[in-house]
1. May I ask you to verify whether residue 76 is surrounded by 15 or more Cβ atoms within 10 Å (Cβ to Cβ) and of a type outside the set (A, V, I, L, M)?
2. Across the stretch 1-27, what is the number of residues that are crowded, with 19+ Cβ neighbours inside 10 Å, out of contact with any Cys (no Cβ under 8 Å at 6 or more places or on another chain) and within 17 Å of residue 122 (Cβ to Cβ)?
3. Filter the stretch 57-88 for residues that are of a type outside the set (S, T, N, Q), in contact with a Lys or Arg (Cβ under 8 Å, 6 or more places away or on another chain) and closer than 24 Å to residue 122 by Cα and give the result.
4. Any residue in the stretch 36-43 that is under 17 Å from residue 72 (Cα atoms), without any contact (Cβ under 8 Å) to a residue 40 or more places away in the chain, surrounded by 15 or more Cβ atoms within 10 Å (Cβ to Cβ) and hydroxyl-bearing (Ser, Thr, Tyr)?
5. Take the conditions in a strand (DSSP E or B), of a type in the set (Val, Ile, Thr) and under 13 Å from residue 11 (Cα atoms) and apply them to residue 49. Does it pass?
6. Filter the stretch 7-18 for residues that are on the phi < 0 side of the Ramachandran plot and not polar (S, T, N, Q) and give the result.
Amino acid sequence: MAIANGTCDRLIIGGKDRSDACTGKLLNTIYRNGRVGFYFVTDNGAALTFTGLGDNQVKPDPDTAVQPIDGIIYGFDGKTDRAKAVGSCRFTNPYKKPGIVQCRADTPNGQFEASFRTDGNPPSVTGPR
C-alpha cells in the first residue's frame, strides 16, 4: 500500500459533491491478483475506492498511466456498498513532482469522481514490495 499526502480537489459520490469532506490523504493498493485500488478518504472516516485490474493499464507516456475501473467500493459508518462501474483513473508518476490522480466512473448508483494532487513528496510504501 502506498500513502500519498496532498490535496483532494474533487470528490463526487453517487452524483453528489462531497469535495468539502475529502482529506489530504490518498491510498493506493495493488493486490497479488493484480487488482488495483485508489482510496479517497473523507474527514468522517468514509472511503471511496475506484478499483480495476492492473493488467489492463494503458501507459500513454513513461510517467502516465490510465487504469480502467470496473468497480466502486464506498465504505461509511461500518457499511460497505459495492457497485459495478465503467470508468478510469488517470495518474502520473508520484515520484515526479507533483503527482496527479483523476478518477471517474459511472455506476447504476450514479456518477463517482475524484481528483487528488500530491504535495510533491514521495508516497510512503508499506507491505511486501
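1. no
2. Qualifying residue count, the stretch 1-27: 2.
3. 63, 65, 66
4. yes
5. Details: in a strand (DSSP E or B): yes; of a type in the set (Val, Ile, Thr): yes; under 13 Å from residue 11 (Cα atoms): yes.
When the stated conditions are applied, residue 49 passes them.
6. Hits for the stretch 7-18 are 8, 9, 10, 11, 12, 13, 16, 17, 18.
This table checks each residue for (1) within 17 Å of residue 3 (Cβ to Cβ); (2) at pLDDT below 95; (3) among the β-branched types (Val, Ile, Thr).
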residue	(1), (2), (3)
41	yes, yes, yes
66	no, no, yes
80	no, yes, yes
89	yes, no, no
99	yes, yes, no
117	yes, no, no
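Per-residue answers, yes or no, for (1) closer than 21 Å to residue 32 by Cα; (2) in contact with a helix residue (DSSP H, G or I) (Cβ under 6 Å, 6 or more places away or on another chain); (3) hydroxyl-bearing (Ser, Thr, Tyr):
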position: 47; (1), (2), (3): no, no, no
position: 83; (1), (2), (3): no, no, no
position: 88; (1), (2), (3): yes, no, yes
position: 92; (1), (2), (3): no, no, yes
position: 95; (1), (2), (3): no, no, yes
position: 104; (1), (2), (3): no, no, no
position: 112; (1), (2), (3): no, no, no
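The values are calculated or read from the model by the stated rules, or taken from the named source; none is laboratory data. Since we're looking at a predicted model, the values are computed, not measured. Cβ atoms come from the backbone with ideal geometry, glycine included; neighbour counts cover every protein chain shown.
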